[in-house]
Amino acid sequence: MLKNKYPIFMIIPSFLYIVFFFIFPMVWLFVMAFSFIDLKSWSFRFAGFNNFAMIIKDEEFVPSLIRTILYGAYVSIGGSVIGLLLALLANQKIKGIGVFRAFLVIPWCIPPIISGYLWLWIFDANFGFLNRLLYTLQLIKRYIIFVTRENALIMSSIPAIWVQSSFTSLICLSALQGIPIDIYEASEIDGATSFKRFLYITFPFIRPIWALAFIINFTIGFIMFDIIYVMTAGGPGTSTLLLSILLYREAFLKLRIETGAALACIQLVVMLILCTLYLLLLYRRRE
Amino acid sequence: MVEVKKEEKKVSRRDYLKYTGAAIGGLVVGGALGYVLKPTEVIEKTVTAPGVATTITKMVTTTVTAVPTTSPTTITLTPTYTLTKPLELYAWDYHPETIEEHLAAFKEQTGISVKLNVLPYPGYLTSIQSKIMGGIQIDDLYVQNHTQLKWYNAGWLHELESFPESKKIKSDMYKEWVTKYTTPDGILITLPYWTGSYVHMINRRIMEENGFEYPKSLEDIYTQCKKLSEKGMKAPYTAYWSWQLEESVVEYMVGEGVDLFDEKGRPLFEDDPNAKYVLEWMYRMYKEGCTSPTITTDEVSAIVTAWLNAESYICNWHSYFIETFNRSGEGPERGNCVIPPVPPSSTKKTIQIGDCYGMFGRPQDVMAAWELLKFLGWKDRKGEYRVATTWAYKTGLLPPYKDWWEDPKHKEALSKWVDFDLLKTYFEKYSAAVPFRVNILWYFDWVVYMEDQVKKMLVGEVSPSDVLKKIAEKAKEFLS
């Protein structure tokens, strides 16, 4: 009997951690979203769907939702594709590859807000590093405004792609190193080209990991706040006004915790739906 | 005989986890639902009126003993404090080493220890509000002026009117500045941390080289900036239109004589041609290259760097940047900053600006927290403006106290980097109080919407007339 219970006791601390730091906050989020909150007495009254209605009625809600989905898509596609390419490169057996692998980690180690500031200064229209470099190389005659209303959403996704491609490359690299070498040897004997080896051996092997990275990258992009806050403050105009910025405004500028919580719930539900659809699509294709 | 072993009934790991999880989840949900569904009192939000001392008498647990001094007309009160640990001061990260020096001097004078908690400025509002809602102990804190009424109504700020020195503090200030620190009913709720005027900081060298005079109006600013833009200057006019666009808009509106809101919060600007002029001017400035092309997303450092490197001619911002541009900033244009003799607007007015210190709604000890607040926001035990003077000399953050401005030693110290008499005139004559910024509870909810509309206007998505219509409608929505 003791032999059965011991592993269970080992799991309980982690389980409690999940309950208190994930499940409880999520439940509390829903409680706040369905309440009117009096900050003075910290009392709650049931509000039904009032808070959700207020959010949905906001004229910025739908455009922000679309922008947020697009931003998530840019980060997931950019981060996943570039990450995979970097992982393939890092998987080569060449001299100095260890140094390259070490550098791969760096973007992932930098806090998002620092990444935002870094890229803000790279793209700066007056003093930016990129303008300076291109001007010095005589590739441009005048400094360029890199971040405009038309491209701000894509440009502000670059720091997030930079960070997430680092993450993707690390996990894809570990998956690549698990592929048996004899399969490659066999395919070489059969005359398969590099591209065919990638398509029929490499990618199918790492696809579950890569798909997971894709979803994580989308999630990170979907909830991104720090980089947008620092780089564009939601502008120019409202071209980078994402749901995360709306949430910040509701909860912290307007001090309406309940509507902020409602917005967070909407974010969560939308993200779950999109991720579920993606997984269904992915696994249906496999079948 | 064949022995048949009874199968031991084993609970699989999966089942154990499943049922435990369901039990804990059920407890959590049940508890949360029970908490939510319990009958709650409907709390009416009331603002304490002056003279109602119930709150203070309930909260004060210390005894105050009166110790007569030698003078028969004055009484020195020597409160005793019931502190079991240091006072907790929450501040944003502007010169924390200077704050520590102040707190060391405070301890020397009063014997009260203070623990300084520094939060990063960009996330100050988020952090401090989260901490307050999380229930941590705060005694005194930095308060952004526009949040003070909301915080007071939420019970997060203690009223200061009941303290004996409050009337003296108010009378020491320039009369126009008092409303920055009070509720609509005149109750003191914060003390000044820093004050300033919104000014146009001009590069004198560029002005003289181009044969310009001090601009006297928004049109003058446009004309001068347009000429410089045509000569190739990247950002002739800069301002913090990314995160403080509202301050600039209000400054321009007040300068052109627009009444934005009445005392009840009703919008007055919808049909005002001057309001439309201001928005059209802003649009022209942006569209025709008179401003930085990235003015709606520029960060603080970009603006300061542009000015100090002659990429900008005018910076419209808080007056303490005069100190940065003339003394502490790094760049070839350091020392060339001047402000016009009169604000360049038709009413010759600009606006007051500043942030505050506040006492948390539930400090450990009210009298001790008040001692610290007075020390920081007014005078020390020796009757000197110690903290205000340090900030002014070191960083250009100024106080709104009349006698401070009359002191000749401050003029001597500050004249190294600013025309002291001119700045004093700005404080006394030109800086209009804008009470709606602090007195209308929903004002900053409206500001969030207004800034979006103005930013859309700048990029050509909405016309100035439509902006005025929309933001007026929004204000009426909040009123109703």
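Every read-out reported here was derived from the displayed coordinates using simple, explicitly stated rules and does not represent laboratory data. Note that the structure is predicted; figures quoted are calculated from it, not measured. Glycine also receives a Cβ, built like all others from the backbone with ideal geometry; neighbour counts cover every protein chain displayed.
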Inset, instruction - Rank these for me by crowding, A:I97, A:I189, going from fewest to most other beta carbons within 10 Å. - result: A:I189, A:I97
Legend entry - Exposure rule at most 10 other beta-carbon atoms within 10 Å, DSSP loop trypsin sites (Lys or Arg not before Pro): chain B longest free segment: B:11-230
Legend entry - √(5λ) per eigenvalue of the Cα gyration tensor, chain B, largest first, Å: 45, 34, 24
Legend entry - Among A:S166, A:G96, A:M224 - extreme Cα towards positive end, dipole of the protein assembly as shown, charges at beta-carbon: A:G96
Inset, instruction - Provide, as a two-decimal number, the C-alpha radius of gyration of region A:131-287 over 2.2 N^0.38 Å, N being how many residues it has. - result: 1.42
Inset, instruction - Could you tell me what fraction of 2.2 N^0.38 Å the Cα radius of gyration of region B:345-480 comes to, as a two-decimal ratio? - result: 1.42
Legend entry - Proximal charge balance of B:G123 [Cβ under 11 Å; K/R count +1, D/E count -1]: -2
Inset, instruction - Consider just the alpha-carbon atoms of the protein assembly as shown and return their Rg together with their Dmax, both in angstrom. - result: 30.5, 119
Inset, instruction - First measure r as the distance between the Cβ atoms of B:K231 and A:R132, then evaluate 1/(1 + (r/R0)^6) with R0 = 22 Å and state the FRET efficiency to the nearest 0.05. - result: 0.55
Legend entry - Candidate lysines - alpha carbon under 22 Å from B:K474, same-chain residues fewer than 8 apart omitted: A:K57, A:K254, B:K150, B:K264, B:K276, B:K455, B:K456
Inset, instruction - Report, by chain and number, residues whose modeled amide H sits under 5 Å from the one on A:F46, excluding near sequence neighbours (fewer than 5 apart, same chain). - result: A:F36
Legend entry - Over 23 Å between alpha carbons, listed pairs B:K180/B:K379; B:K167/B:K411; B:K180/B:K374: B:K167/B:K411
Legend entry - For the protein assembly as shown, share of DSSP beta bridges that run antiparallel, in % to the nearest 5: 70 percent
Inset, instruction - Quick one: give the max-minus-min coordinate of the C-alpha atoms of region B:275-397 along each principal axis, largest first, in Å. - result: 57, 37, 29
Inset, instruction - For region A:54-128, just list the percent of Cα-Cα distances falling in each 10 Å bin from zero outward, please. - result: 15, 27, 32, 18, 6, 2
Legend entry - Anchor B:K231: lysines whose Cα lies under 23 Å away (excluding residues fewer than 8 positions away in-chain): A:K141, B:K216, B:K287
Legend entry - Cβ-placed point charges (K, R +1; D, E -1), dipole of region B:208-324 about Cα centre in debye, nearest 20: 400 debye
Legend entry - Under 15 Å, Cβ to Cβ, from A:G48 - net charge with Lys/Arg +1 and Asp/Glu -1: +1
Legend entry - Fewest-first sequence of B:V304, A:V99 by Cβ atoms within 10 Å of each Cβ: A:V99, B:V304
Inset, instruction - Could you order peptides A:174-185, A:120-131 by the average number of other Cβ atoms within 10 Å of their residues, highest first? - result: A:120-131, A:174-185
Legend entry - Hydrodynamic radius (Kirkwood) for region B:115-246, which is based on Cα pairs only, to one decimal in Å: 18.7 Å
Inset, instruction - For the protein assembly as shown, give the magnitude of the charge dipole about the Cα centre (Cβ charges: +1 Lys/Arg, -1 Asp/Glu; no others), in debye to the nearest 20. - result: 2140 debye
Legend entry - Residue order, fewest to most beta carbons within 10 Å, for B:L87, B:L372, A:L199: A:L199, B:L372, B:L87
Inset, instruction - Would you work out if region A:203-287 is rounded, prolate or oblate? Take a ≥ b ≥ c from the square roots of the eigenvalues of the alpha-carbon gyration tensor; rounded if a/c is under 1.5, else prolate when a/b is larger than b/c, oblate otherwise. - result: prolate
Inset, instruction - Would you work out which of B:T182, B:Y240, B:L141 lies farthest towards the positive end of the dipole of region B:124-248? Charges go on Cβ: Lys and Arg +1, Asp and Glu -1. - result: B:Y240
Inset, instruction - Find which of B:S171, A:T193, A:L70 sits farthest along the positive direction of the dipole of the protein assembly as shown, computed with +1 on the beta-carbon of Lys and Arg, -1 on that of Asp and Glu, about the Cα centre. - result: A:T193
Inset, instruction - Please work out the Cα center distance from region B:107-166 to region B:381-430, rounded to the nearest Å. - result: 25 Å
Inset, instruction - Could you list the residues of region B:81-102 with an amide nitrogen less than 17 Å from a label point located 7 Å from the Cα of B:Y393 in the Cα-to-C-beta direction? - result: B:97-102
Legend entry - Along each principal axis, Cα extent of chain A, largest first, Å: 78, 73, 34
Legend entry - Two-site label geometry, B:K416 and B:Y214: point separation in nm, points 7 Å out along Cα→Cβ: 2.5 nm
